[in-house]
Structures are given as C-alpha cells and as structure tokens.
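Asks: Take a look at this one; I'll ask things after.
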Amino acid sequence: MPHFATEESLIHVAIKAEPLFHLGPITVTNSMVGTLIATVILASLAFWASRNSAVVPGRFQSFLEFPLEFLGGIVRSQHPTRWSAILPPILTIFLLVLVANYVGLLPGVGTIGLHVVEDGHEAVVPIIRPASADLNFTLTLALVAFVLFVSWGVRANGVRGYLKETFVANPPYMTPLMTPIHIVSELSRIISLSMRLFGNVFAGEILLAVMLALTFAIVPTVFLGLEMIFGAVQALVFALLTLTYITLATAGHGGGHDEEHEPGEHDADDVALRAGAH
Amino acid sequence: MEALIQEFDVNLVSLVFQLINFLLLLYLLNRFLFKPLLARMDERSSKIEKGLEDAEAAARDRELARAEREAAVSEARKEANEMIARANKIAEDTRNEILTEARTEAEKVTTRAREEIVAEKDRAMAEIRGQVADLALAAAGKLIRHEMDDKAQKRLVEEFLAEVKPAGSSKSARS
Amino acid sequence: MDLTPLAAGLAIGLGALGPGIGLGLGVSKAMEALGRNPEASGALFVPYVLGLALTEAVAIYALVIGLLILFV
C-alpha cells in the first residue's frame, strides 16, 4: 500500500519521490523539481550577491551574510588554518538543505498535482516535492559529508594515519573487537545523517497535511511556523554534524586526543558531540 | 535492505542527479556568493579596524594637542604673572623713590623757610629796636619837654640807655 | 485482522517516549546552565543544537521503523 490517498482520505502521503514523466532513460521525479527550485533560488541569490554586494551592506545583504558569518565563525574557530577550504561545502549543504526545507512550506507544494491512474485507482501526484523529503537527496548529502570527512581525515593524517586511527584500537589487542564497531559507526553516520533529515522533513510534511485535513485555517499556521524553525534547525544540524565529523577526522591521535577516553566506548555521535563542544 | 531501498526508491539516477546538482551548486555558490561576500566582509572588517585605529590615533592626537595647549596656556599665565609682579615691584620702587625724594625736598624747603623766617625775624627785630628807640626818644622828648631842662634830660636818657643796654646785649646773645 | 497500523503506531509512540524524556532533560539542563551563566549562550549553542539533534534522531529512527512497518 504505497499511498494513503484513498477515496475517503484527503491526506496524501508518499514515502518516496513520485515520477512525473520520463526524459529518455531518466525518470524525472517531483523531488527533482523541488531540488531544481531550491537550486535556482540559491543561484539567483548568488548572482544577485555577485552583482550588488557592497562594503556597507544593505538590509538584504546583511540577511545573506548572516549564515556566512555565523557558520564562518564556527568553522574558523575550529579550523583556524583550513577554514577557507572547509567552509564552502558546509555552507552549501546548509543553504541547500535550508532552502529545500523551506520549499516544502511554500503554498502549492505538495498540493498542486497531476492526476494519474496508478494501481487501478486514481491518485494525485504533486508536481513539486520538497527535496529533503526524498531519501535520494538526503543520502546524497550524507555521502558528500562522508566523502568530505574521510578526505579531510586522509589529508590531515595521511592514508596510513587515517586508516590506523580509524581501524586500530588504542590497546592494539582490542583491534579485532573494535574494528567492526568503528566501521559500523562510521557508516552509521551516513544513515543517521540522511535519515534524520529525511525523517524530520517527511514527518513535518505529514504533520502539516494531517493538520490541514483535520482542522481549520489557523491551526496549520501554527505548525507551519513550527516547521520553519525545524527546517532551519535541521539544516544547521546537518551542517554542524558534517563539520564535527570533519573536526574529529582531522584531530588525529597525535595530540593525545583519545588518551583519556576509549574511542570505542562511546558511539560516534557521543564523541562528535564532545568534539562539537570545544 | 532490498525492500528498504525499494520502498524509499533510492536509485542511481536520482543519486547522480542530486550529486551533480550539489556539485554545481557548490561551484556556483562558492564562485558567486561566498567569495564576493567573504571578500566584502573581510574588506569591511579591515576597514572597521582601520577606522578604529584612526579614531584611536585621532583621540591620541587630540589629547596631545590638549596637553600642549594647556602647557602653553599655563606658561603664558606664569609669564603674565611674572610680568605683573615685576611691574608691581617697579611701580612700588618708583613710588618709594618719588616719596623719599619728595620728603627730602619738602624737608629742605621747610628748613630753608624756617631759616628765612628766623633771619627775617632777626632783621625785623633789629629794625623794630632801632625804631622803638627813636619812637621812645621822640615820645619821651614830647612828654617831658616842658618840665625838664637839658641837664636832667640828658641824665634821664643816659639812665634809660643803661637800662636798655643789658637787655639788648642779652637779646643779641640769644639770637 | 490486520495489526500493521497498531504495530506502526506502537513503534513511533514508544520510540518517541525515550527521546521525549531525553530532549526534556537536555533542554532543562541547558536552560539551567543558561540561567546560571547567561554569557555562555554563545558557547552553549552549538553543542546544545547538536545534542538535541542526536537525541531527536532516535525518534526519527522510530518513525522510519514505523513507516517501514506500515509500508513494507
């Protein structure tokens, strides 16, 4: 049962992106449209900034500079030497996730759709689906984050150093026990990153749809405001977690970082949290 | 896992599309958003820093100028005070000098006047004495012309003169 | 009788229980710290948000499990 959209229900819930049309071998889904909209918004902002930015910022430029300044400050404080290389991907992730989340809150998104006949009954396929409610999108970003922190770990400690740090436990005889845990914890970052974002946005979409179906005009507005906060927080969380994983990967064993606590005793998130604290 | 992937519809086409989209966006944002804005922000912060430095320097200069001005004013005041004191002293000296001069002059004048007065008095005295003798002689002559003869008259004058002489000699000794 | 919706509801309901308590504890501690030391808000913010996100992830896992039970 892929859809809730039966005759008596107004709630349209699809856990995956739905195909709109086929472009040769490529199936264009509605989340791709959402992604493209977010990209176009960001690109036009970027073009605006490249044309009109001034030393003394106007209102709009201050608004654009705010995430730059905020995340830039955090990245700078954690990576004083490498911040200029680390910052762009983090910021891109943040802005893309933020705008993709907010695209889901625009009126018409998820409600304006095409009528298709599927599995014998009629269904409405929304033209635009917020990109972050598609696991492909979040998984891609999580993979990008994974590639980022692995490559930074390699760049900071060398291939041998990175492998040693990741797969050899502190007392070497513990290695056979710890290595699988380490591998799982590293890989689970991908799953947790992508699932967190997907789950939040998807649940938010369902929440909005349910509220819209169950109640009248004012109640969904409250949840819409709530979703705006969540959208920003989730974007920030994704960016900050990526940054924290990079920080962890670049920290290395050289500085006696893991001397006082066994790396295997806590799961990756716990260590990441601690690293995020300083 | 199979079911999971299928249910979430994770497929290579979407993944590749998202990846390309992300990389394109990364390039665009980095090229057109982050770099200009970061450059502007750096420029601004350096400008602000410079402005602050300038302001600090200006404040320092102002402070310096103020101190200088104050020093000049106090110097001038001291000088003026000195000048006034000197002038006062000169005036005092001059006054004293003039006063003493005047006093000695006055003293000189008074002594000379006194001397003159004394001399005048002496001269008048002598004159008066001569005249008094003549007058007395004339008056006495008129009074006693009828009752006395020449002999008695002569004796009387002689007696009178004798009486006068000791008094005149004593008077002349006094002056 | 199809018990799948019940299973899904139980999965998300019970799965939200722990993160709910955890989030409450985390926020209460953060507020306490903030009340004691308001100047630390800047230093607290990033670990606070990360901690909340990591706690909340558990509820999200439960949601995913619930969705899987429902749909798969």
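Asks: Can you give the FRET efficiency to the nearest 0.05 for B:V13 and B:K50, using r as the Cβ-Cβ distance and R₀ = 56 Å?
Replies: With a Förster radius of 56 Å, E is 0.60.
Asks: Please express the shape of region B:1-116 as an equivalent ellipsoid: the semi-axes are the square roots of 5 times the eigenvalues of the C-alpha gyration tensor, given largest first in whole angstrom.
Replies: 106, 11, 5
Asks: Same structure again: Once a ≥ b ≥ c are taken as the square roots of the eigenvalues of the Cα gyration tensor of region A:114-221, is the result rounded (a/c under 1.5), prolate (a/b larger than b/c) or oblate (a/b not larger than b/c)?
Replies: Note, shape of region A:114-221 comes out prolate.
Asks: If you don't mind, another one. For peptide A:38-47, how many partner chain Cβ atoms fall within 10 Å of a residue's Cβ, on average?
Replies: 4
Asks: Skipping prolines and chain starts, which residues have an amide H placed within reach, meaning under 5 Å, of the one on A:T29, given they are 5 or more residues away or on another chain?
Replies: When sequence neighbours closer than 5 places are left aside, the close amide H contacts are A:L20.
Asks: For the protein assembly as shown, what is the convex hull volume of its Cα atoms per residue in Å³?
Replies: In the protein assembly as shown, the Cα hull volume divided by residue count equals 379 Å³.
Asks: Here's something else I'd like to know. So what are the three principal axis dimensions of region A:69-109 from its Cα atoms, in whole Å, longest to shortest?
Replies: 45, 15, 11
Asks: A:S31: net charge of surrounding residues, Cβ under 13 Å, Lys/Arg +1, Asp/Glu -1, itself excluded?
Replies: -2
Asks: How big is Rg to Rh over region A:51-152, alpha-carbon atoms, Rh as the Kirkwood inverse-mean-distance radius? Working shown, then result.
Replies: Details: Rg = 18.9 Å, Rh = 16.7 Å.
Here Rg/Rh amounts to 1.13.
No lab work stands behind these numbers, since they all come straight from the coordinates. From a predicted model like this one, the values you see are computed outputs, not experimental measurements. Don't worry about glycine lacking a Cβ; one is built from the backbone with ideal geometry, like all the others, and counts go over all protein chains shown.
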